[in-house]
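The values are calculated or read from the model by the stated rules, or taken from the named source; none is laboratory data. For clarity, every value in this text was computed on a predicted model and none was experimentally measured. Cβ: placed from backbone, ideal geometry, glycine included. Neighbour counts: every protein chain shown. Note: accessible area is taken over every heavy atom of the protein model, side chains too, but ligands, DNA and RNA are not part of it. Shrake-Rupley method; radii C 1.70, N 1.55, O 1.52, S 1.80 Å.
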Amino acid sequence: MTTTLKSRLQDDLTAAIKTRDELRSATLRLTLTAIQKEEVAGETARELSDAEVEKIIAREAKKRREAAEAFAQGGRAEQAERERAEGVVLAEYLPKQLTDEELDALVAEAVQEAAAGGAQGPRAMGAVMKIVNPKVAGRAEGGRVAAAVKRRLAEG
């Protein structure tokens, strides 16, 4: 039995191949390869949960963003655009990302919760991250969450 997210990726790959959607089929093929690598990475091969598959997709999307930035800085606009387009394809399989306002609201709550537990100032970073991460649950990148927490703690 395959996970629903993985089988959705496989079905979408088949559809993309049939419609000759080169961008989508290449992106999904690479992502499925990353998932298969992960499945056989441990001592024994195993099926991944949807949450694990989601983490892999998020990791792949982050690679695309970083590559797009690197290509853009290197003056290779065409490759940067391709990486961005692949990122858009992958985003369809991830939870909707939090807006800055939504993220800030979650962070503010977590800072209050941590303060109630006695954690304050810059040293509260770890305590706040521990509270906020489960609430964010894949809807914002770790670096973005950490930056929002640092900002909020610096304010006071």
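Among all residues of region 82-97, there is at least one that is among the small types (Gly, Ala, Ser), touching a residue at least 60 places away in the same chain (Cβ under 8 Å) and touching a Lys or Arg at 6+ places or on another chain (Cβ under 9 Å). Test each condition in (1) on the phi > 0 side of the Ramachandran plot; (2) not assigned by the TED database to the domain that holds Lys150 for Gln79 and report the one that comes out false. With respect to (1) on the phi > 0 side of the Ramachandran plot; (2) not assigned by the TED database to the domain that holds Lys150, Gln79 is out only on (1). Residues of region 63-81 that are touching a residue at least 12 places away in the same chain (Cβ under 8 Å) and small (Gly, Ala, Ser): Ala67, Ala68, Ala80. Pairing each residue of region 41-62 that is β-branched (Val, Ile, Thr) and modelled with pLDDT under 90 with any residue that is part of a helix (DSSP H, G or I) and open to solvent by 90 Å² or more (accessible area, probe 1.4 Å), provided the two are 6+ apart or on different chains, yields no C-beta distance under 7 Å. A count restricted to region 56-75 and to residues that are out of contact with any helix residue (DSSP H, G or I) (no Cβ under 6 Å at 6 or more places or on another chain) and surrounded by 15 or more Cβ atoms within 10 Å (Cβ to Cβ) stands at 3.
Among the residues of region 76-95, just one is open to solvent by 30 Å² or more (accessible area, probe 1.4 Å) and touching an Asp or Glu at 6+ places or on another chain (Cβ under 7 Å), namely Leu94. Of everything listed in (1) closer than 16 Å to Arg139 by Cα; (2) open to solvent by 30 Å² or more (accessible area, probe 1.4 Å); (3) touching a Leu at 6+ places or on another chain (Cβ under 9 Å), the single unmet condition for Leu98 is (2). Might you let me know whether region 85-107 holds any residue that is more than 17 Å from Arg144 (Cα to Cα), at pLDDT 95 or above and touching a Phe, Trp or Tyr at 6+ places or on another chain (Cβ under 8 Å)? No; the residues of region 85-107 include none that is more than 17 Å from Arg144 (Cα to Cα), at pLDDT 95 or above and touching a Phe, Trp or Tyr at 6+ places or on another chain (Cβ under 8 Å).
The criterion of being among the polar types (S, T, N, Q), more than 27 Å from Ile56 (Cβ to Cβ) and either in a loop (DSSP other than H, G, I, E, B) or open to solvent by less than 30 Å² (accessible area, probe 1.4 Å) (or both) holds for Gln120.
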